[in-house]
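The values are calculated or read from the model by the stated rules, or taken from the named source; none is laboratory data. Bear in mind that the values here come from a model prediction, so they are computed numbers and not experimental data. Positions of Cβ are generated from backbone atoms using ideal geometry, with glycine treated the same way; all protein chains shown enter the neighbour counts. Just the protein is used for accessible areas: all its heavy atoms, side chains included, with ligands, DNA and RNA removed. Shrake-Rupley method; radii C 1.70, N 1.55, O 1.52, S 1.80 Å.
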Amino acid sequence: MRANSRDRDLRDRAAAVIPGGMFGHQSTRLLPDDYPQFFSRAKGARLWDADGNELLDFMCAYGPNLMGYADDAIDDAYVSRMRQGDTMTGPTGLIVELAEQFTRMVTHADWAIFCKNGGDATQIALMTARAHTGRKTVVLAKGAYHGAAPWCATRPNGVTPEDKANQVFCVYNDIASLEAAVAAAGDDLAAIFAAPMKHDAFTDQVLPDPAYARRARELCDSTGALLVVDDVRAGLRIARDCSWSAVGVQPDLSSWGKCFANGHPISALLGANKAKRAAAQIFTTGSFWYQAAPMAAALETLRRVRETDYLEHMEGLGTRLRDGLAERAAASGFGFRQTGPVTMPLFLFDEDPDLRKGFFWSSQMLKRGVYVHPWHNMFLCAAMTPADIDQALDAAEDSFVALKAQAGSLEPVAKMSFLLA
Ligand SMILES: *Cc1c(COP(=O)(O)O)cnc(C)c1O
């Protein structure tokens, strides 16, 4: 049995002082019951939960962990800058250096605005596109996540229809549907928001069809609207550039967050010169957006991105994981779908509408010290090693065997019954 008494005690206390016991994407409400809610520390590719159980972590903080948790060089850069002043009356020169470095790395980018959360960056993208065009309507892909602000919130509670006005939806990778959405926007199209790939929860991931990406670019060019790629999640795990550079399409704006300072709080909107005037005209700011220490961490992270083979290393590990899992799933006779880039895998079982197989298998992985997610895309980090992948594969082999023994008698997962509706 995994120890969990500290976690249970913290949950009880949290239930009294934190709405719902925990809010947002880090709530374990929709995870198997044995998943820990609280953690105590992290190093490299590993996490320790509040009860001290060690876990090889394939969630990477839902993206922010790129080079490894508590990376010495990145955290040294952060701490030494913090000790000299972090939040001050004005920014340090690091903001200029970071804008220079980042725009040099990202082909379409000529300028940068730094903020805190990915949702800040997508909101600034929306405002910049509206200011640039003098128009209101944006085209979005159905189900794509762009943050938790009212304009893009994924649940209706607390959100008004007016918050979501001036939006038209299309189906990802469906050119006809994209064209219909643009036609519906008429002469009011301000932007097409594109996810770098379809990385929605509860469903297989889908890589972008280059023809769809090119058509989005053409439609923006012919209407004067701006093309936005929301690279907050996939950024730096597909390319050392905007993720759509892999399909040969350059956007006008790209939003970044999560991992470019290896977990330190900073996000960015990068833009092309044509949108620079509009970006200078909007009012956007935040008390903590100019902090120097996250910028120092970002500079060190981007140096590693440029100067090391971190990406090829992660791709090698991701391929080893994908091939090894496919082999083990097949040996146990399970249809096991692994989708998305190998650096950002998502696992779903065939014939598993309420995820009872996925929940059981993920719990078995957890028991064997490996943290996987039953319905959200995962992330590899550069601190992982081939031995870590082999540990995950050994755990998976045993977990498939355990699932096979139980598969006939699994109980429905009550908390996931909404998926059947
Ligand atoms: C996480 C995410 C966001 C929002 O970023 P926050 O830092 O959570 O505000 C926006 N877009 C995508 C694609 C994301 O994955």
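Values for this structure:
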item	result
Accessible area of region 150-303 divided out per residue, in Å², using a probe of 1.4 angstrom	38
Rounded tilt (10° steps) of 356-367 against the dominant C-alpha axis of the chain	80
Distance (nanometres) between label positions extended 7 Å along Cα→Cβ at S409 and V171	4.2
Coil-residue trypsin sites (Lys or Arg not before Pro) of region 191-270, DSSP, other Cβ within 10 Å capped at 11	none
Neighbour-limited loop hits for GluC sites (Glu not before Pro), region 239-338 (at most 15 other Cβ within 10 Å; DSSP other than H, G, I, E, B)	none
Loop-located trypsin sites (Lys or Arg not before Pro) in region 15-93, at most 14 other Cβ atoms within 10 Å (DSSP)	R29
Antiparallel bridges, percent of DSSP beta bridges restricted to region 72-307 (to nearest 5)	40
Cα centroid separation - region 210-269 against region 360-421, whole Å	31
Unit charges on C-beta of K, R, D, E only; dipole of the chain, Debye	720
Positive-end residue of Y212, P294, F360, charge dipole of the chain with Cβ unit charges	P294
Computed lengthening from D76 to R8, 0.36 nm per intervening residue step minus Cα-Cα distance	21.1 nm
Chain lengthening between R214 and F23 when straightened (0.36 nm per residue, less Cα-Cα)	65.0 nm
Point-to-point label distance, D33-T87, nm (Cα→Cβ direction, 7 Å offset)	4.1
Accessible-area composition of the chain, carbon plus sulfur, in percent [1.4 Å probe]	53
Set of lysines near K116 by C-alpha distance (under 30 Å), chain-local residues within fewer than 8 positions excluded	K43, K136, K142, K164, K198, K258, K274, K276
Theoretical ellipticity at 222 nm over the chain - DSSP helices of four or more residues, -39500 (n - 2.57) apiece, nearest 500	-12000 deg cm²/dmol
Estimated distance in nm for a label pair at E54 and K276, the labels positioned 7 Å out from Cα along Cα-to-Cβ	5.1
Relative contact order of the chain, defined on C-alpha pairs under 8 angstrom at six or more residues apart (%)	22
